[in-house]
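All remarks here apply to the structure that follows.
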Amino acid sequence: MKHKVLVIEDNEQNLYLITFLLEHHGYDVIQAGDGLTAIQLAMKNNPDLILLDIQLPEMDGYAVARRFRSEPAFADVPIIAVTSYAMVGDREKSIEAGCTGYIEKPIDPDTFIHDLEQYLV
């Protein structure tokens with residue numbers, strides 16, 4: 001079964017790399033460049049996993065995660081923060097906002113898929 005992954009990322013290079021890696025490993029990818037678009041796409045497509053940049057235009061990733069968690073349809077969907085926010089406390093802030101996990105940027109292409117697959121169990 002192919003998993004659907006919603007990638008919320010406003011940086012074109014990061015979006016390209018993440019999409020390439022996911023598609024290369026058999027995932028269906030849904031792309032969004034901002035939080036509001038992501039929420040709309042998620043409602044229509046029911047992703048199995050959400051990869052969420054924290055630094056987004058208009059609505060930051062923390063607000064997006066809280067919004068997803070307020071929707072019953074997304075209560076059990078893993079949300080992974082994929083972010084360059086790597087200071088002390090940033091991981092905890094992501095988890096408190098509703099993220100299931102946290103992957104630091106720049107991502108490691110050799111371990112990225114393995115790192116996110118642990119949340120699809």
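Matching residues to (1) of a type in the set (D, E, K, R); (2) out of contact with any Phe, Trp or Tyr (no Cβ under 8 Å at 6 or more places or on another chain); (3) assigned to a loop (DSSP other than H, G, I, E, B):
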residue	(1), (2), (3)
Q13	no, yes, no
F20	no, yes, no
P57	no, yes, yes
A63	no, yes, no
V88	no, yes, yes
R91	yes, no, no
L120	no, yes, yes
Does A97 count as at pLDDT 95 or above, among the aliphatic types (A, V, I, L, M) and touching a Phe, Trp or Tyr at 6+ places or on another chain (Cβ under 7 Å)? yes
Would you be able to say whether some residue in segment 25-47 is open to solvent by less than 10 Å² (accessible area, probe 1.4 Å), touching a residue at least 12 places away in the same chain (Cβ under 8 Å) and in contact with a Ser or Thr (Cβ under 9 Å, 6 or more places away or on another chain)? no
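To keep it simple, each residue is scored yes or no on (1) within 13 Å of the chain's Cα centre (by Cα); (2) more than 20 Å from Y102 (Cβ to Cβ); (3) part of a loop (DSSP other than H, G, I, E, B); (4) not acidic (D, E).
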| site | (1), (2), (3), (4) |
| --- | --- |
| V5 | yes, no, no, yes |
| Y16 | no, yes, no, yes |
| E23 | no, yes, no, no |
| Q31 | yes, yes, no, yes |
| T37 | no, yes, no, yes |
Report, by residue number, each residue of segment 49-72 that is open to solvent by less than 60 Å² (accessible area, probe 1.4 Å) and more than 13 Å from E9 (Cα to Cα). L49, Y62, A63, A65, F68, E71
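The values are calculated or read from the model by the stated rules, or taken from the named source; none is laboratory data. Quick caveat: nothing in here was measured; it's all calculated off a predicted structure. Methodologically, a virtual Cβ is constructed for each residue, glycine included, from the backbone with ideal geometry; neighbour enumeration extends over all protein chains shown. Please note that ligands, DNA and RNA were not included when accessible areas were found on the heavy atoms of the full protein model with its side chains. Shrake-Rupley method; radii C 1.70, N 1.55, O 1.52, S 1.80 Å.
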